[in-house]
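This report refers to the structure that appears directly beneath it.
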Amino acid sequence: MDELRINDVGPSSRNGKSSNNNSNFNYNNSIEPLVLIDASAYIFRAYYSMPPIHRFDGEPTGATLGFCNMLNRLVLKSSYLQPHQEQGKAQGAIAETEAEAVLPPRVVLVFDSKDGINFRKKIYPEYKANRKPCPIDLIPQFDFVKDAADAYGILQLEAAGYEADDVIATIATKALEEGCFVNILSGDKDLMQLVTRGEGGEDRSCNENDNNHGNHDGSGYDQQQPQPRIELIDPMNTVRVGYDGVIEKWGVEPEKLGDVLAL
């Protein structure tokens, strides 16, 4: 298998300018959580969920608008990405001191390799052979989305020869080893294999509006600092899937899910 090299693919890097990203991830759970977004998959979701929209010169922009709506929701509802809240602080409360402030999560957009070639096709040439080609009016919007993400100041990554899932799995595993709380925004069931349980055994499978979990203030989160772990969030309905949630849905632990999906 070729070595996985993760590269910044934001507009700054595409224009030959230096980027503030050196792909040397150094995580600390005490600072803020990490949010990995399966950008390629979400662009397709946004495309099929939006009506045909074009700007003044006829360029299609529907998927771009849908993607930006997701990013806006991510910013406005970032509390559901936080690993915990301070005791006694209501959701959305304004911090009185710098120490009480909840820092925004570190967000990373992860894309499939733009060349469309990955190591799986070398193993099995018919891999995804039945998948329909990308719609013509969606192709130019990938660059639009990257331009928009650059305006938001969001890091964008891809690795030549690999899919977004591979990069997400690599970063999430590395971040977990370094003590980071990792959120993966994706509806892809394959990524549920990455979900872990905290060392204390706690689990937070819930909806952001579920009052039957966590601190019962509507946030669905533990009052105590959670152990570093990986959890999945469906970006369409903001349902959080933890270790027990995977077992409830599939009947097996996340580490065994790959065998079930292969059947």
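Computed values, structure above
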read-out: Per-region count, the range 111-133, residues open to solvent by less than 90 Å² (accessible area, probe 1.4 Å) and not in a helix (DSSP H, G or I); value: 9
read-out: Top-ranked residue of the range 223-263 - restricted to ones that are in contact with a Gly (Cβ under 9 Å, 6 or more places away or on another chain) and in a helix (DSSP H, G or I), ranked as least open to solvent (accessible area, probe 1.4 Å); value: Tyr243
read-out: Failed item in (1) farther than 16 Å from Leu109 by Cβ; (2) loosely packed, with under 11 Cβ neighbours inside 10 Å, with Gly153 passing the rest; value: (1)
read-out: Any pair with Cβ under 8 angstrom, 6 or more apart, that starts in the range 141-153 at a residue that is over 21 Å from Asp57 (Cα atoms) and ends at one that is of a type outside the set (A, V, I, L, M) and open to solvent by less than 20 Å² (accessible area, probe 1.4 Å); value: Ala149/Gly10; Ala149/Gln156; Asp150/Gly10; Asp150/Pro11; Asp150/Gln156
read-out: Which numbered condition Met70 fails, given (1) of a type in the set (A, V, I, L, M, F, W, C); (2) modelled with pLDDT under 60; (3) in a helix (DSSP H, G or I); value: (2)
read-out: Residue, farthest from Phe119 (Cα to Cα), within the range 152-171, restricted to residues that are part of a helix (DSSP H, G or I) and charged (D, E, K, R); value: Asp165
read-out: Any chance Ile136 is over 20 Å from Asn183 (Cα atoms), at pLDDT 90 or above and either open to solvent by 60 Å² or more (accessible area, probe 1.4 Å) or part of a helix (DSSP H, G or I) (or both); value: yes
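The values are calculated or read from the model by the stated rules, or taken from the named source; none is laboratory data. Keep in mind that this is a model prediction, so the values were computed, not measured. So basically every Cβ, Gly included, is an ideal-geometry build from the backbone, and we count neighbours across all protein chains shown. Each accessible area value is taken on the protein alone, full model and side chains, heavy atoms only, with ligands, DNA and RNA left out. Shrake-Rupley method; radii C 1.70, N 1.55, O 1.52, S 1.80 Å.
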